[in-house]
Every structure is written in C-alpha cells, then in structure tokens.
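Each remark here refers to the structure printed beneath this line.
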Amino acid sequence: MTSTGPVGRLRSVVLDCPEPRKLAEFYIGLLGLELAENEDDTWVVTVDSEGRRIVFQAAPEYKPPHFPDPEASQQIHFDVLVDDIEAAEPKALALGAKLVQPNDNDQFRVYADPVGHIFCLMWL
C-alpha cells in the first residue's frame with residue numbers, strides 16, 4: 001500500500017489545565033498569542049500571527065507532569081526560540097514560569113508554566 005499524502009493537517013495543540021483563561025494569559029505573554037475564541041471558561045483558543053492555535057481546555061482533575069522524573073512523562077512540551085536568554089528568562093519568570101533545569105553549557109533551559117507543563121527557552 002502506498003501513501004498519497006498526509007491524512008490531514010494539524011489544527012490545534014490542546015493543553016489540559018485547571019483554569020484555561022489563566023493559562024491562556026500566560027502563553028499570550030510568553031508567545032505573543034492573541035485570543036481567538038473565549039466563549040466560556042472551559043475552552044479558550046489562542047492563535048499566533050501565522051494562524052497556529054494553542055487551545056486551553058478545562059480539566060478539573062488535572063495533575064501536572066513531573067520533570068525530570070523517568071517514572072512520569074512530560075507528555076508534551078514547547079521549545080521557544082529566543083534571541084537573548086538573559087533578557088527572555090526574567091520576562092518568562094515574571095509571567096509565572098518556574099525554572100526547572102538550567103543548562104547554561106547547552107543552548108536551552110527547562111521551565112514549567114504556572115500549572116506544570118514543561119517548556120524550554122532555546123537560543124542559537
């Protein structure tokens with residue numbers, strides 16, 4: 001059987017969280033997203049300037065991933081490219097990020113968002 005192309009296109013990345021609006025506000029500040037839909041507090045949609053969507057979905061029983069922990073998966077994480085880590089890190093921390101693992105000898109540092117999803121700030 002041969003493939004004739006993809007099955008579909010990525011529409012959104014969806015993150016479970018206890019309070020969608022609050023987590024959307026964090027990522028709006030971190031990534032420069034805009035609110036696209038927010039009809040209620042159970043489903044908040046954001047979009048970037050190129051149309052990529054991150055959706056925040058209410059999960060009342062949400063439990064954050066643990067990092068680093070070989071027994072508990074990250075499940076998903078974002079790599080965020082920055083020009084200057086020394087300028088970007090204080091801004092991310094002021095938004096509510098927490099430094100999880102500094103990697104000054106590499107080209108990234110690991111953080112958690114306000115509800116524990118992992119993301120990395122990376123630089124070239």
Here P(r) for region 63-124, Cα-Cα distances in 5 Å bins, as whole percents, is 4, 20, 30, 26, 13, 6, 1
Taking placed amide H atoms and a strict 5 Å upper bound, the residues 5 or more places from Trp43 or on another chain that come that close are Ala58
Taking Asp48, Asp79 and counting other beta carbon atoms within 10 angstrom, the fewest-first order is Asp79, Asp48
Magnitude of the Cβ-charge dipole (Lys and Arg +1, Asp and Glu -1) of the chain about the Cα centre, nearest 20 debye, reported as 260
Helix-only [θ] at 222 nm, the chain, -39500 (n - 2.57) per DSSP H run of 4+, per residue, nearest 500, equals -5500 deg cm²/dmol
Taking Val13, Val82 and counting other beta carbon atoms within 10 angstrom, the fewest-first order is Val13, Val82
Contact order relative to length for the chain, counting C-alpha pairs under 8 Å separated by 6 or more residues, stands in percent at 22
Debye calc, one equal point scatterer per Cα of the chain, no solvent, log10 I(q)/I(0) at q = 0.17, 0.20 1/Å comes to -0.92, -1.18
Counting only DSSP beta bridges with both partners in the chain, the antiparallel fraction in percent, to the nearest 5, comes to 60
Residues Tyr27, Tyr62 in order from fewest to most other beta-carbon atoms within 10 Å are Tyr62, Tyr27
Taking only the alpha-carbon positions of region 10-61 as identical scatterers, the Debye log10 I(q)/I(0) at q = 0.15 Å⁻¹ comes out as -0.33
The farthest towards the positive end of the charge dipole of the chain, of the residues Val45, Leu121, His66, given +1 on Cβ of Lys and Arg and -1 on Cβ of Asp and Glu, is Val45
Ordering 53-61, 115-123 by per-residue average of other C-beta atoms within 10 angstrom, highest first, gives 115-123, 53-61
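Any read-out appearing in this document is the output of simple, stated calculations on the displayed coordinates, not a laboratory observation. Values in this document were obtained by computation on a predicted structure and should not be read as measured data. Neighbour counts run over all protein chains shown; Cβ positions are idealised from the backbone, glycine included.
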